[in-house]
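S.K.: Provided herewith is a single structure, encoded as structure tokens, for subsequent inquiry.
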Amino acid sequence: MKVLIRGAGVAGLTLAHELATRGASVTVVDKRRQVAGNASWQAGGMLAPWCERESAEEAVLSLGRGAADWWSAALPGHVMRNGTLVVAPARDVAELDRFGRRTSGFREVDAETVAALEPDLEGRFGRALFFTDEAHLDPRKALLGLQEKLVRMGVRFEFGYGAVQAPGTPDIEADCSGMAETRPGLRGVRGEMLILRTSEVSLARPVRLLHPRFPVYVVPRSENLFMVGATMIESDAAGPITARSVMELLNAAYALHPAFGEAELVETGVGVRPAFADNLPRVERDGNKISINGLYRHGFLLAPAMARQAADMIQGHETKKELSHEAHR
């Protein structure tokens, strides 16, 4: 079975992995020159289904529970299972209570436990919520690692506007191109983020700082880097980050720990994430064409489940075709 996948973001690469492990011949094409730079490249990489349930439907929790296991199996050593810590400034402690009422899978911890979990936050927060079963990964290392593994598995990649299709006619075409796919009901949600570098702060896990307007998360990465994100703006504009967003994100990081005020601002980024009206992803088929879209802000969390659904759908299509051929013999 030959499958052509359009889009080398997290949806396309996870589908390629699912199909390649099932024996399909897979080609991935993307208009970009490389994996880097797409919306997935700007992601936080949090595998946090219980936290996301605060503002998402139950489906996000049920579909996302297996994400950490999927990524661990696909890319051993990439997933850090240290949980998520949710904190709030004293003036916004009511937000912590509201967050807890809308979620599950956590235990409430006191200042002493906060200090034990994150020594650099000692004395800064009197209470917190600790989601013990959540995890995170570095999305950029994951995307590059997955691409490298896929190449070893025989998956073919073609980049650039002159990207060619799979040799011959593919049996199935899968559109995983996100906002590049023209379809009714799909909207863009702009997310902006910063990457800071400082050796004055050390975190073992993502920390979410609650705010009445929007929560901000700080995700540790290697080499003293921290990803700070992310805004959610109803816009498909992909232009540079706004000054307002930079100030808000920096203020939030500073509120988490003052040492971020002296950090290097290494990078700013913008990603436009595709979403449907219900903010839930869809896998749809029309003949020999499959589409995975609408991952919204849950790309790395929900892509494995969507890839499995699409791969099952593709296998079902092939089975039906084989049965049809048998019936005509």
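S.K.: Please work out if Gly271 is open to solvent by less than 20 Å² (accessible area, probe 1.4 Å) and modelled with pLDDT of 95 or more.
M.R.: No; evaluated as a whole, the condition is false for this residue.
S.K.: Cβ-Cβ distance below 6 Å, separation of 6 or more or different chains: which pairs start in the stretch 256-274 with a residue that is under 14 Å from Met227 (Cα atoms) and assigned to a strand (DSSP E or B) and end on one that is of a type in the set (S, T, N, Q) and open to solvent by less than 40 Å² (accessible area, probe 1.4 Å)?
M.R.: Between residues of the stretch 256-274 that are under 14 Å from Met227 (Cα atoms) and assigned to a strand (DSSP E or B) and residues that are of a type in the set (S, T, N, Q) and open to solvent by less than 40 Å² (accessible area, probe 1.4 Å), the close pairs are Gly269/Gln42; Gly271/Gln42.
S.K.: Please work out if Val219 is outside any helix (DSSP H, G or I), modelled with pLDDT of 95 or more, under 19 Å from the mean Cα position of the chain (by Cα) and closer than 30 Å to Leu4 by Cα.
M.R.: Taking the combined requirement at face value, the residue does not satisfy it.
S.K.: Right, another one. Would you pick out the residues in the stretch 105-129 that are surrounded by 12 or more Cβ atoms within 10 Å (Cβ to Cβ) and part of a loop (DSSP other than H, G, I, E, B)?
M.R.: If the condition is that a residue be surrounded by 12 or more Cβ atoms within 10 Å (Cβ to Cβ) and part of a loop (DSSP other than H, G, I, E, B), then Gly105, Phe106, Glu118, Glu122, Arg124, Phe125, Gly126 are the ones that fit.
S.K.: I'd like to check something: does the stretch 206-227 contain any residue that is open to solvent by 50 Å² or more (accessible area, probe 1.4 Å), within 24 Å of Arg53 (Cβ to Cβ), out of contact with any strand residue (DSSP E or B) (no Cβ under 7 Å at 6 or more places or on another chain) and free of Cβ contacts under 8 Å to residues at least 60 places away in the same chain?
M.R.: There is at least one residue in the stretch 206-227 that is open to solvent by 50 Å² or more (accessible area, probe 1.4 Å), within 24 Å of Arg53 (Cβ to Cβ), out of contact with any strand residue (DSSP E or B) (no Cβ under 7 Å at 6 or more places or on another chain) and free of Cβ contacts under 8 Å to residues at least 60 places away in the same chain.
S.K.: Leu144 - would you say it is in a strand (DSSP E or B) and at pLDDT 95 or above?
M.R.: no
S.K.: Let me ask something additional. Any residue that is of a type in the set (S, T, N, Q) and closer than 25 Å to His78 by Cα - is there at least one of those in the stretch 216-224?
M.R.: Yes, the stretch 216-224 has at least one match.
S.K.: On to the next question. Please tell me if Val155 is farther than 24 Å from Met227 by Cα, buried (at least 18 other Cβ atoms within 10 Å of the Cβ) and touching a helix residue (DSSP H, G or I) at 6+ places or on another chain (Cβ under 8 Å).
M.R.: It is true that Val155 is farther than 24 Å from Met227 by Cα, buried (at least 18 other Cβ atoms within 10 Å of the Cβ) and touching a helix residue (DSSP H, G or I) at 6+ places or on another chain (Cβ under 8 Å).
S.K.: Based on what the data block shows, is Glu148 surrounded by 14 or more Cβ atoms within 10 Å (Cβ to Cβ), of a type outside the set (Gly, Ala, Ser) and either within 21 Å of the chain's Cα centre (by Cα) or within 23 Å of Glu52 (Cα to Cα) (or both)?
M.R.: Here the answer is no, as Glu148 does not meet what is asked.
S.K.: Counting only residues that are in a helix (DSSP H, G or I) and either among the hydrophobic types (A, V, I, L, M, F, W, C) or at pLDDT 95 or above (or both), how many does the stretch 282-329 have?
M.R.: Count: 18.
The values are calculated or read from the model by the stated rules, or taken from the named source; none is laboratory data. Note that this is a predicted model, so its numbers are computed, not measured. Note that we place each Cβ from the backbone using ideal geometry, even for glycine, and neighbour counts take in every protein chain shown. For accessibility, only protein heavy atoms count, side chains too; no ligands or nucleic acids. Shrake-Rupley method; radii C 1.70, N 1.55, O 1.52, S 1.80 Å.
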